[in-house]
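Quick note: the coordinates plus some simple rules give every number you see, no bench work behind them. The model shown is predicted, which means the values in this text are computed figures rather than measured ones. All Cβ positions, even for glycine, are placed from backbone atoms using ideal geometry, and neighbour counts span all protein chains on display.
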Amino acid sequence: MNQLSFIPLGGIGDVTKNMYLYEYNDQILIVDCGLGFADETMLGVDLLLPDVSYLLKTCLPKGVAKKKIVGMLLTHGHEDHIGALPFVLPQLSDFPIFATPLTAAFANEKLKDFNAKKRVETVNSNDNEKRIGSFSFSFIPVTHSVPDTSHIFIKTPVGNFYHGSDFKFDETPYDGKVSDYAKIARVSSNGVMCLLSDCLGAERKGKTPSEISLTTNFINEIRQCRGKFFVTTYSSNISRLNQIIEASEKNGRRVCFIGRSLIKAKDVARRLGYLNLKKDMEVAIDSLGNYQENKLTLIIAGSQGQENSAMTRLANGEHREVKLGEEDVVVFSSDPIPGNETSVYELVDTITRRGTKVIYAPVMRDFHVSGHASMDELEQLIKLVRPNKLIPIGGQFRHMFAYKKLAERLGYKKSDIFLMEDGQELLFSEKDIKYGRTIQVKNVYVDEMSGEELEGFVLRDRQKLSEAGIIVILAEVDSNNGQLVGNPDIIVRGFMYDVKRLSSRLTHDFRKTLGLRKGRVTNWIYVRKLIGETAERRIYKDLRRRPLVLPVVIEV
Ligand SMILES: [Zn+2]
């Protein structure tokens, strides 16, 4: 049957880790491959990946595979749209990937970092329609908070799709490049079966303010600052970086970039001509001492309160090169990503305690505007595209719901708007649209530092650790007879206890357990397990707690 299946693997209901599949017969076209950001319940885990096990099952191994990935398209350079590439691509077969220049450059930088061989190919939004397999596509320039953002018009044998991920309609963007309204209307005049639309701003009335309003505010705030002027923002927000540079230049200040991600983004954007940074405007971190404090603007990474970021180290007085002073000002030019609120406000508190003035977005709207469309712009897109059906994407459920109400006000029927879940399939045929399979999608965690995927048990360990504490037991065992030597050392973190009492009871228990089996030790893993289990039993009996028990057995 002639039908197209649309499956979001991520990006529905949780904002981040965007990844969408368009499937026709045996061909799959992918849009975006983003990271998710862990929330406070996922202790110490930094990032989430979209679950691609469906692709692994259906598209691998080659030869016997039922389906084939024909290509991937990237809408823009934000982490939640390209960040999972280095983790996901090595698992999949080979296929071409397309993006506009800055998006491709950000993605390729990431792939290079992780030593992945694959590279993203560059397309320009005024290029002709391109064909891959049964699909053809063209990129449409729109405004957002990173330059070179696109919507994608996708033609399939069943009908046309308008993939309208993150955008706003800014009439005065910093780089002067407005959204291509004419192209949106032109491509859509072929008929659009379904519009997928950003919905994150669907609860906001009116129009999202323009980026341009911020430059003057930066100029004025910098003028009043008597010490160092710090700004923290997303590293991909190139327009914001340009505004800060301009405002600094006008006030005779030079700019220093602090933090690896930020320096990387700055270099890529500058190389491609997206960043207006004159050579003599920039100061390296090790030359800061050559300048008066009121001649410096420091753009620093870590606006989300990330534990290992430069901003967090600075706030805690642990940054080697830079210290916060009472004359300094820190501006958070970003909103907390949903789920990060607590860590961001903690960071704000820590800085304030040092006597430094902090200006942060939710309180002062003068230094940050959203990159997402509000109600008026969402309506405008619907009116330009005039789709038959609509799917809100890239928002949480309440945003999707608000979007549905908005479309209904424009005359759409309830049944025209689909509020989906990750892993749910929607089947489009010429006649009708219906829900199909539900594909299991689970959370895949990745540790930011090591880049390693974490199994669920690591997360459980960390949860246990935070709730019940940790106990480390260092026990010496004689390899000749398998018996305990001396008294074990016990280290407890995370709960109160009577160390002497617990220690002597554990020693007693270990002697008893190990005493049951005498003779040369052949299996040390088993001895470790015995010690661990014995300790867990005793701790639960005496303290009614289940901390994480880590037995360390030393062979003597
Ligand atoms: Zn975005």
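Listed values, structure above:
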| quantity | calculated |
| --- | --- |
| Modelled FRET efficiency - R0 51 Å, residue 1 with residue 504, Cβ distances, 0.05 increments | 0.10 |
| Rg/Rh (Cα only; Kirkwood hydrodynamic radius) as it applies to the chain | 1.05 |
| Residue list for the stretch 88-119, given a label point 7 angstrom along the Cα-to-Cβ vector of residue 271 and an amide N cut-off under 15 Å | 101-116, 119 |
| HN-Hα J in Hz across the stretch 538-553 - Karplus 6.51, -1.76, 1.60, θ = phi - 60°, x for Gly and Pro | 5, 5, 5, 5, 7, 10, 6, 10, 10, x, 6, 9, 10, x, 10, 9 |
| Relative packing of 105-117, 193-205, 410-422, 141-153, which averages over residues the other C-beta atoms within 10 Å, highest first | 141-153, 193-205, 105-117, 410-422 |
| Proximal lysines to residue 57, defined as alpha-carbon separation beneath 16 angstrom and excluding residues fewer than eight positions away on the same chain | 66, 67, 68, 442 |
| Potential extension, residue 127-residue 342 segment - 0.36 nm per residue separation minus Cα distance | 73.0 nm |
| By average C-beta atoms within 10 angstrom, highest first, the peptides 233-243, 301-311, 2-12 | 233-243, 2-12, 301-311 |
| Label-point gap, in nm, between residue 213 and residue 282 - each point 7 angstrom along Cα→Cβ | 3.2 |
| Estimated FRET transfer efficiency (residue 116, residue 26; beta-carbon r; R0 25 Å; 0.05) | 0.45 |
| Rel. contact order, % - alpha carbon contacts under 8 angstrom, at least six apart, the chain | 16 |
| Per-residue [θ]222 nm for the chain (sum of -39500 (n - 2.57) over DSSP H runs n ≥ 4, rounded to 500) | -9000 deg cm²/dmol |
| The stretch 139-188: relative contact order as a whole-number percent, Cα under 8 Å and 6+ apart | 37 |
| Pairwise label distance in nanometres, residue 292 with residue 380, each label 7 Å out on the Cα-Cβ vector | 4.4 |
| Anchor residue 529: lysines whose Cα lies under 17 Å away (excluding residues fewer than 8 positions away in-chain) | 512, 518 |
| Lysine pairs with alpha-carbon atoms under 15 Å apart, the stretch 191-329, spacing 8 or more or separate chains | 6 |
| The stretch 316-417 - percent relative contact order, Cα under 8 Å, separation 6 or more | 24 |
| Approximate shape of the stretch 121-240 as ellipsoid semi-axes (Cα gyration tensor, √5λ), whole Å, largest first | 35, 15, 12 |
| Efficiency of FRET from Cβ geometry, residue 318 and residue 388, R₀ 56 Å, rounded to 0.05 | 0.50 |
| The stretch 478-538: trypsin sites (Lys or Arg not before Pro) in DSSP loop, at most 16 other beta carbons within 10 Å | 517, 518, 520 |
| Residue 205-residue 175 pseudo-label distance in nm [points 7 Å out on the Cα-to-Cβ vector] | 3.4 |
